[in-house]
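Visitor: Next up is a structure, given as structure tokens.
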Amino acid sequence: MLKLIDITKSYNLWKAWKIDILKWINLEIKSWEFVSIIWPSWSGKSTLMNIIWLLDVPTSWQYFLSWERVDNLKDSKTTTIRAKKIWFIFQNYSLLARMSALEQVMLPLEYLWYKSSEAKKIATSYLDKVWLWDKLKNKPNELSGGQSQRVAIARALAVNPDIILADEPTWALDSKTWEEILNLFKEINLEWKTIILITHDQNIALKTNRIIKIKDWLIEN
């Protein structure tokens, strides 16, 4: 499903000084896995996420997605992949302040040229799936942290991606709520979705089926 080969990311600060963000990362995630990538701060987390999501270009690499090499695609094609194959769930939910929960989930569908009536039907069904059938009209300031995260998950599910990439999705939630969110991810995984959960919390990582650790810019064996 997803394979990174010899990923390196470096920045030249001055002519004679280069800083490495990632070094020779080799990573393979199979279809329908539920994995966590765990690491301390300042170890290249954001850089690797942006590479997986095709937002950043490494210094050297090969990247295969569904057995197709994607590291040499044009921007228009990588945009399509982000819209349809890989969906990102942000740490801070990234909900638009003036939109209701229903409108938040409808928005990416409308960008994909769904008719408004069809987008509404799909969005409503996914908000129902994440237990928000009574919050369709609520805006972000009328939702709890757990509810906001569930809106973000429904928005991701609505476009039916192959892979969900979640950045610290439980970081601001109490223990009861993050257990609910992780159980929801497990249910989603059972519906043939690949889930990559980014975290620094060992307890959360243990809830996934496989843990990948990164330390000092390298994946630990």
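The values are calculated or read from the model by the stated rules, or taken from the named source; none is laboratory data. Here the structure is a predicted model, which is why all the values come from computation and not from measurement. Cβ atoms come from the backbone with ideal geometry, glycine included; neighbour counts cover every protein chain shown.
Visitor: Could you tell me whether residue 48 is at pLDDT 85 or above, buried (at least 18 other Cβ atoms within 10 Å of the Cβ) and in a strand (DSSP E or B)?
Guide: no
Visitor: Residue 221 - would you say it is in a loop (DSSP other than H, G, I, E, B), surrounded by fewer than 19 Cβ atoms within 10 Å (Cβ to Cβ), at pLDDT 95 or above and of a type in the set (S, T, N, Q)?
Guide: Answer is no for this residue.
Visitor: If I filter segment 93-144 down to residues being in a loop (DSSP other than H, G, I, E, B) and of a type in the set (Phe, Trp, Tyr), which single residue comes out as farthest from residue 186 (Cα to Cα)?
Guide: 113
Visitor: Test of understanding: among 156, 166, which residue is within 29 Å of residue 65 (Cα to Cα), part of a strand (DSSP E or B) and among the small types (Gly, Ala, Ser)?
Guide: When all the criteria are applied, what remains is 166.
Visitor: So, in segment 180-215, exactly how many residues are in a strand (DSSP E or B) and either out of contact with any Lys or Arg (no Cβ under 8 Å at 6 or more places or on another chain) or within 12 Å of residue 32 (Cα to Cα) (or both)?
Guide: 10
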